[in-house]
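To start, the structure under review is shown below, and the notes come after it.
The values are calculated or read from the model by the stated rules, or taken from the named source; none is laboratory data. Predicted, not measured: the structure shown is a model, and the values here were computed from it. Here the Cβ is made from the backbone with ideal geometry for all residues, glycine too, and neighbour counts use every protein chain on show.
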């Protein structure tokens, strides 16, 4: 035991050394970064290589070679000054590379042939104190971003070809620079310069020495912290190793004593852990699978939200499942298990069955059979884009199945406390089975989410009172029914579809509300459905019907549609088509269209 503990301690020691080494490399790794930035700037400002730089040694630290005109800090890790004056440099200023030299304080490129403009990105050289670009061939406009250099004490851009030099620039620079110790003035030729440069240069040297001290502290402090962390970590690991050794010794003594103590608490803890890790299924044994099968399966992310993600998972036996991953649920294991048991035992042809679930402290997984026909949202979008057909008969069947599933949710439980509202009905949560039957998905998930979060409710489908209740689900169903009648989508747009339909009815344009699939023959069933949809989407919950009343109205329309289809077929075969019964079905509150056949 002690030998194993010593080996673990040795491994921990090696780990700490690696961490400290990485920390040191991080502190010192800025040299290569400074080198690349410096040589990139030199290549840009000196394309003719007047400085005689050997470009095959770019990875070397310029502070170690100490080229003329370059001054670094005491640790030779950061460039402080670049003075390349009267060297026949004929390139342009690469401010992006220059400003990566974070410690740069002095830049002097005077009396050269540098052309182009002063890049506005020079404002990122926040540490500049002295900038001299005089007597070059610079042109264009002087960037106003120079005023952002709050530590700049000396600026000379005279004897160039700028187009916007004027008194206002000097005033603006002086006004915006709150830390400017020596004011900027205009010379008689209209160029910017500063006064008392010698004093400022002396001040810059003093600031440079202060910054060297700061740079030394920046390097040493992380090293001291790293070693301090190492000693604390070793002390903690030593204490832990001693504790583990004592516990193992105590267990050894207990095993050798005649009196055997029953570790009840440990057994209960193991059982609790096994229970949390196990997969719970609501299907036959041959349809279940193991956690290892799930971990080895291929997974394709379908959608992702703040609190959940949806994956398409294909097991090795080619069984395909939709796995809903729930995160950050503020519910206990017992509450989650009870809710899932109620949902798993709820069997109806229009409710997507829950295959099983897995519950851990970090996340919860819900398993469903994957539906290849997609969602009602995909079908309606494909129809709008002209890629899929969505006939009127199929819309009636989907509306009936959806109403039937909702009515089952609220009529099936014997105890009202066992009712679990859906709370998030929308087109994307209505899946289509193998026979295009509607399947209500996401059932029961809203009960597990925090009702205070806005993500619980979907724009356009949520009742004004925003509550998990039967009347709230009826409102959402009314919006979905309006989508089926009008051929318009609400999801992801948040449009107030009930408001639009009511405005059309008030303007007596009711017939223009319906989609083109709702032909004149189908209007006699469409009008009652429009009526019940608007009642479902009423502002007040008291004005909305129950799910059973909704189902009764839709079933009547569906039965009338089927009877009408059979009657029309019989009349056609007998040579007596019966097509003029439109007025007998439409409620008196609606304007009836013409009945000429």
### Task
Check segment 70-80 and report whether any residue there is out of contact with any helix residue (DSSP H, G or I) (no Cβ under 7 Å at 6 or more places or on another chain), surrounded by 20 or more Cβ atoms within 10 Å (Cβ to Cβ) and part of a loop (DSSP other than H, G, I, E, B).
no
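Rundown of residues vs (1) at pLDDT below 80; (2) within 24 Å of the chain's Cα centre (by Cα), yes/no style:
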position: 403; (1), (2): no, no
position: 410; (1), (2): no, no
position: 415; (1), (2): yes, no
position: 438; (1), (2): no, no
position: 455; (1), (2): yes, yes
position: 462; (1), (2): no, yes
position: 465; (1), (2): no, no
### Query
Taking residue 369, is it surrounded by 16 or more Cβ atoms within 10 Å (Cβ to Cβ), at pLDDT 90 or above and within 25 Å of the chain's Cα centre (by Cα)?
no
### Query
Is it the case that residue 334 is assigned to a helix (DSSP H, G or I) and surrounded by fewer than 14 Cβ atoms within 10 Å (Cβ to Cβ)?
yes
### Query
How many residues are more than 21 Å from the chain's Cα centre (by Cα) and not in a strand (DSSP E or B) if we restrict to segment 311-329?
5
### Task
From the list 423, 433, pick out the single residue that is surrounded by fewer than 19 Cβ atoms within 10 Å (Cβ to Cβ) and either within 23 Å of residue 492 (Cβ to Cβ) or assigned by TED's automatic domain parsing to the domain that holds residue 488 (or both).
433
### Task
May I ask you to verify whether residue 101 is in a loop (DSSP other than H, G, I, E, B) and in contact (Cβ under 8 Å) with a residue 40 or more places away in the chain?
yes
### Query
Quick one: is residue 114 without any contact (Cβ under 8 Å) to a residue 60 or more places away in the chain and either in a loop (DSSP other than H, G, I, E, B) or closer than 17 Å to residue 152 by Cα (or both)?
no
### Task
Please specify each residue of segment 123-142 satisfying the condition of being out of contact with any strand residue (DSSP E or B) (no Cβ under 8 Å at 6 or more places or on another chain) and surrounded by 21 or more Cβ atoms within 10 Å (Cβ to Cβ).
136
### Filter result for residue 42 (assigned by TED's automatic domain parsing to the domain that holds residue 161, under 28 Å from residue 163 (Cα atoms), without any contact (Cβ under 8 Å) to a residue 12 or more places away in the chain and not in a loop (DSSP other than H, G, I, E, B))
yes
